[in-house]
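Student: Next up is a structure, given as structure tokens.
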Amino acid sequence: MLKQSLQLKLSQKLSPQQIQLMKLIQLPTLAFEQRLKEEMIENPALETGKETDQNNNEEEFLEDYDQYDNEHIEADDINIDEYLSDDETPDYKLQANNYSKDDEDYQAPIIAFDSFHQDLSNQLNTFILSDQDRAIAQFLVGSIDDMGYLRRDTQDIVDDLAFTQGIYTDEKTISRILTVIHQLEPFGVGAKNLQECLLLQLANKTPTEAVILATEILENSFDAFTKKHYDKLLQKYNITKDQLRNSIDEIEKLNPKPGSAYSENTRIVEHIVPDFTIKIIDNELDLSLNGRNAPELHVSKEYQEMLQSYKESNLTSNDQKNAVQFIKQKLDGAKWFIDAIKQRQDTLYYTMHAIMEYQKDYFLTGDETKLKPMILKDIADLISLDISTISRVANSKYVQTPYGTKLIKNFFSEAMINDQGQEVSTIEIKNILEQIISEEDKSKPYPDDKLSELLKEKGYPIARRTIAKYREQLDIPVARMRKRI
């Protein structure tokens, strides 16, 4: 027998506007500007610039149309997902209106650079090689990775040449042609490992006493050198500390990744655009949001007029109804986006203002020892927002202060108790730890146990294991690797 019953169920769902707002909040300034440009392209009903008086009544207009729309078109007939579809490309995306058809087409010259491997291939043309040797050399160049290393086994190269190129050779021939590859610039390319790479670079330097000793150390005592067992090196080669220091200086001048020196692999420096600015005016903190995060947006007047014209006409055909739906969706999308931008501005400002007030002593003085322990929940409780929202604001945003541009998330830290029972920020402890290490005697660097003792003397009872964790977070190696002759 079929039974019928009623069941109440509570569930939480995010609206499209909420999802859009969360995505906008987490964007830094440059990414936000790019997102704004994309929205301007996708939605022609959205415009930038100061709003005219005629556009000031856009909300009243949309409200009037909402009433009209409900009378003539069912809500289910308007699918919001439809207007986000990319099935057809609108004409406005394919045309530009910033020049006339009579203007000459201008094409900017393209600057072409040879790739890393192409440059190596061009250098091979300066060597006299047989056709088969040249083909093998080109294959070897193509097998070099972006760091400049040839990490493949010689026998594997022989097999690949036979199967892929139809070239039958042996390991002896490969080794002979590798001597040609090793003469290419930058010196060190084609090496199988770091040791060979450094030796190839030393071979192309003037053979001074320091270079000769450095070569001998790398050839016969590479393991002791990498582990900085300097006492063993001094005893083995019967040399003075000055001689060893000079040879190490020669090695440190070498490039362990010769391929990365090429322009193709040079990383582009990304300019940081601060999202906030904090100034000190009359001993008071003044916070401002970057103007690039607060664009002037409004709904297009032309689209409002088109909708008005359809409102005053009789909707008789499906084409007219489809046109009304399209215009209405674009206008709604523009209004949603403008509201999301305003909410983003408010959220960013209130969050940063709470952080500024919480760390007021630091922002007034610039003294990092005055940074208070602060976690996401502290700020979330102050401004009654969710912790995830605070995290989105702090994660990738920067603030310009009188003491430099800072990443906001770096102001958050855990608390530790000093010997006086006061809570101190882990940032303060890390700064003191970094200062102690920078001032240590590099010939006898402090191990973690000693660092723990020194911090206890300064009033911070930190365990050795915690010292090791902070040191790794600061990207500071262990004592043995910090040792210098």
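Student: Which one of these does E302 not meet: (1) in a helix (DSSP H, G or I); (2) open to solvent by 20 Å² or more (accessible area, probe 1.4 Å); (3) touching a residue at least 24 places away in the same chain (Cβ under 8 Å)?
Tutor: (3)
Student: With the checklist (1) exposed (fewer than 14 other Cβ atoms within 10 Å of the Cβ); (2) not in a helix (DSSP H, G or I) in hand, flag the one item Q435 doesn't pass.
Tutor: (2)
Student: Right, K450: outside any helix (DSSP H, G or I), open to solvent by 70 Å² or more (accessible area, probe 1.4 Å), modelled with pLDDT of 85 or more and under 30 Å from A224 (Cα atoms) or not? Spell out how you get there, then give the answer.
Tutor: Numbers: outside any helix (DSSP H, G or I): no; open to solvent by 70 Å² or more (accessible area, probe 1.4 Å): yes; modelled with pLDDT of 85 or more: yes; under 30 Å from A224 (Cα atoms): yes.
No: the conditions fail for K450.
Student: Is it true that K469 is under 28 Å from the mean Cα position of the chain (by Cα) and in contact (Cβ under 8 Å) with a residue 40 or more places away in the chain?
Tutor: Against the criterion (under 28 Å from the mean Cα position of the chain (by Cα) and in contact (Cβ under 8 Å) with a residue 40 or more places away in the chain), K469 does not qualify.
Student: May I ask you to verify whether K370 is surrounded by fewer than 17 Cβ atoms within 10 Å (Cβ to Cβ) and without any contact (Cβ under 8 Å) to a residue 12 or more places away in the chain?
Tutor: Yes; evaluated as a whole, the condition is true for this residue.
Student: Now, a different point. Taking segment 176-192 only, how many residues are in a loop (DSSP other than H, G, I, E, B), open to solvent by 80 Å² or more (accessible area, probe 1.4 Å) and modelled with pLDDT of 90 or more?
Tutor: 2
Student: So, one more: So which pairs qualify, if the first residue must be in segment 149-175 and over 16 Å from A137 (Cβ atoms), the second must be at pLDDT 90 or above and among the hydrophobic types (A, V, I, L, M, F, W, C), the Cβ gap must be under 6 Å, and the two must be at least 6 apart or on different chains?
Tutor: Close Cβ pairs (under 6 Å, with a partner that is at pLDDT 90 or above and among the hydrophobic types (A, V, I, L, M, F, W, C)) amount to Y149/A191.
Student: How about segment 231-253: which of its residues are part of a loop (DSSP other than H, G, I, E, B), open to solvent by less than 80 Å² (accessible area, probe 1.4 Å) and without any contact (Cβ under 8 Å) to a residue 24 or more places away in the chain?
Tutor: T240
Student: How many of the residues making up segment 382-405 are charged (D, E, K, R) and open to solvent by 50 Å² or more (accessible area, probe 1.4 Å)?
Tutor: Residues of segment 382-405 charged (D, E, K, R): 386, 392, 397.
Now narrow it down to the ones that are open to solvent by 50 Å² or more (accessible area, probe 1.4 Å): 386, 392.
Residues flagged as charged (D, E, K, R) and open to solvent by 50 Å² or more (accessible area, probe 1.4 Å) within segment 382-405 amount to 2.
Student: Out of (1) in a helix (DSSP H, G or I); (2) over 25 Å from D286 (Cβ atoms); (3) in contact with a Leu (Cβ under 8 Å, 6 or more places away or on another chain), what's the single condition that is false for A394?
Tutor: (2)
Student: Looking only at residues that are surrounded by fewer than 14 Cβ atoms within 10 Å (Cβ to Cβ) and outside any helix (DSSP H, G or I) in segment 341-367, which one is modelled with the lowest pLDDT? It would help to see each step written out before you state the result.
Tutor: Initially, segment 341-367 is screened for residues surrounded by fewer than 14 Cβ atoms within 10 Å (Cβ to Cβ), giving 342, 346, 357, 361, 365-367.
Checking the rest, the ones that are also outside any helix (DSSP H, G or I) come to 366-367.
Values: G366: 87, D367: 84.
By that ranking, first place goes to D367.
Quick grid of which residues meet (1) under 23 Å from F363 (Cβ atoms); (2) at pLDDT below 85:
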site	(1), (2)
Y403	yes, no
Q420	no, yes
Q435	yes, no
E440	no, no
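Student: Farther than 27 Å from T389 by Cα, touching a strand residue (DSSP E or B) at 6+ places or on another chain (Cβ under 9 Å), surrounded by 18 or more Cβ atoms within 10 Å (Cβ to Cβ) and modelled with pLDDT of 50 or more - does that describe any residue in segment 35-58?
Tutor: yes
Student: Additional query: From the residues in segment 203-257 that are under 38 Å from the mean Cα position of the chain (by Cα) and among the acidic types (D, E), which one is nearest to I144 (Cα to Cα)?
Tutor: E252
Student: Follow-up question, since we're still on this one. Can you name every residue in segment 151-175 that is exposed (fewer than 13 other Cβ atoms within 10 Å of the Cβ) and outside any loop (DSSP other than H, G, I, E, B)?
Tutor: Within segment 151-175, the first condition is being exposed (fewer than 13 other Cβ atoms within 10 Å of the Cβ), and the residues that meet it are 151, 153, 155-156, 159, 162-164, 166, 168, 170-172, 175.
Matches in segment 151-175: Q155, D156, D159, A162, F163, T164, E171, K172, S175.
Student: Mind checking whether some residue in segment 201-209 is over 25 Å from V478 (Cα atoms) and touching a helix residue (DSSP H, G or I) at 6+ places or on another chain (Cβ under 7 Å)?
Tutor: yes
The values are calculated or read from the model by the stated rules, or taken from the named source; none is laboratory data. In this text the structure is predicted, and so the values were computed from the model without any measurement. Don't worry about glycine lacking a Cβ; one is built from the backbone with ideal geometry, like all the others, and counts go over all protein chains shown. The accessibility values were calculated without ligands, DNA or RNA, using every heavy atom of the protein model including side chains. Shrake-Rupley method; radii C 1.70, N 1.55, O 1.52, S 1.80 Å.
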